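Values in this text are rule-based calculations from the coordinates and carry no lab data. The structure displayed is predicted, hence computed values, not measured ones. Glycine gets a Cβ as well: all are built from the backbone with ideal geometry, and neighbour counts include every protein chain shown.
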Amino acid sequence: MPSSKPFSELHVAVLLGGLSAEREVSLVSGKGCADALEGQVAKVSRVDAGRDLAAVLTALKPDVVFNALHGAWGEDGCVQGVLETLGIPYTHSGVLASALAMDKNKSKAVLKAAGVAVPGGGLYDRHQVAREHVIPPPYVIKPNAEGSSVGVFLVREGANRPVAEVGEDSWTYGETVMVEPYIPGKELCVAVVGEKSGPRALTVTDITPTKGFYDYEAKYAPGGSVHELPAVLPANVFDKALRQAELAHVAMGCRGVSRSDFRYDDVKDELVFLEVNTQPGMTPTSLVPEQAAYVGMSYQDLVRWIVEDASCPR
């Protein structure tokens, strides 16, 4: 159930930071959302989420939790389970959708069954991937359960050696990794707002990294990438990206705001879905606030809508 209080009387706890590799980005996202809520609601509590989260929230007694965490623990269903247990209305997706979206292999299976075009490849032991090419280059290596391009490597065509870093003791992203064929062309994203009347895709953004591959730094460093919106695409491809993003939002059981990422091979005229993000970034360089602004929704309005959409269970 959503909170019964009027929006202006709410006490909102904003979860930020957390335990994942994306902690620093979450701190920025959370600060932006908390700042946007100041003056709109009665009280804002900024909670750097740790393993004592249940005790902290029990003491705070917020009316709503705004989940601005990214990555493992905050985005994979764990924190969502805590919030469900406490019975506090919260934002974004619930336990199942969050866990499913974080597992790239399982989410690909669900999306493929729903009619979303996904890339080939599969899961491989990381030590094997470090020793040999498990599929012909070019291909992409990524952790199966991380977000925001953390731990992602591009093995280019003609590469003599695989990526040794994946097999090193310092690797902390699991014993299996996802290996997918590299799809040349454009990097695209679509934000989806899960309204009561059905999911609404906002627009399509074409992303060009200023250096090399669209990795973690390109996503979040100022000037790391150039965003063109709306993307210049054939009309049928633009519309297909919108519809596929909405389909993914529904198939995965997402709530609130999600963001779908695609690659478009403009030579083969092939649009391929990469992943759905259930906790998209809310930083100054993030794609969802940018798309919201394009369709006339300010950052403050977006944050307010997300809070008003909160409920428990999700």
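When the pairs 5/106; 196/268; 31/240; 106/240; 5/240; 112/142 are compared against a 30 Å limit on Cα-Cα distance, 5/106; 196/268; 31/240; 5/240 fall above it. Phi angles of region 235-249 translate, via the Karplus equation with coefficients 6.51, -1.76, 1.60 and θ = phi - 60°, into HN-Hα couplings of 4, 5, 6, 4, 5, 5, 4, 4, 5, 5, 5, 5, 4, 5, 4 Hz per residue; Gly and Pro are given as x. Fewest neighbouring Cβ atoms within 10 Å first, the residues 312, 254 line up as 312, 254.
In vacuum, with every alpha carbon of region 122-181 counted as one equal point scatterer, what does the Debye formula give for log10 I(q)/I(0) at q = 0.14, 0.16, 0.21 Å⁻¹? Two decimals, please. Each listed q maps to, in turn, -0.31, -0.41, -0.72.
The peptide list 227-237, 122-132, 78-88, put in order of mean Cβ contacts within 10 Å with the highest first, becomes 78-88, 122-132, 227-237.
Name the residue from 150, 174, 137 whose Cα lies farthest towards the positive end of the charge dipole of region 122-181, charges +1 on Cβ of Lys and Arg and -1 on Cβ of Asp and Glu. The listed residue farthest towards the positive side: 137.
For region 1-140, the relative contact order is 23 percent, taking Cα pairs closer than 8 Å that sit 6 or more residues apart in sequence and dividing their mean separation by the residue count. Counted residue by residue at 0.36 nm each, then reduced by the alpha carbon distance between them, the extension gain from residue 40 to residue 227 reaches 64.3 nm. Counting beta carbons within 10 Å around each of 146, 290, 270 and listing the fewest first gives the order 270, 290, 146. Net charge dipole, the chain: roughly 460 debye, given to the nearest 20, about the Cα centre with Cβ charges of +1 for Lys and Arg and -1 for Asp and Glu. Extension gain for residue 9-residue 127 works out to 37.1 nm (0.36 nm per residue, less the C-alpha to C-alpha distance). The ranking of 264, 90 by Cβ neighbour count inside 10 Å, starting from the fewest, reads 264, 90.
Of the peptides 169-175, 275-281, 196-202, the order by per-residue mean of other Cβ atoms within 10 Å, starting with the highest, comes out as 275-281, 196-202, 169-175. Give the shape of region 7-91 as rounded, prolate or oblate, defined through the alpha-carbon gyration tensor: a ≥ b ≥ c are the square roots of its eigenvalues, a/c under 1.5 means rounded, and otherwise the shape is prolate if a/b is larger than b/c and oblate if not. It is oblate, given that a/c is not under 1.5 and a/b is not larger than b/c.
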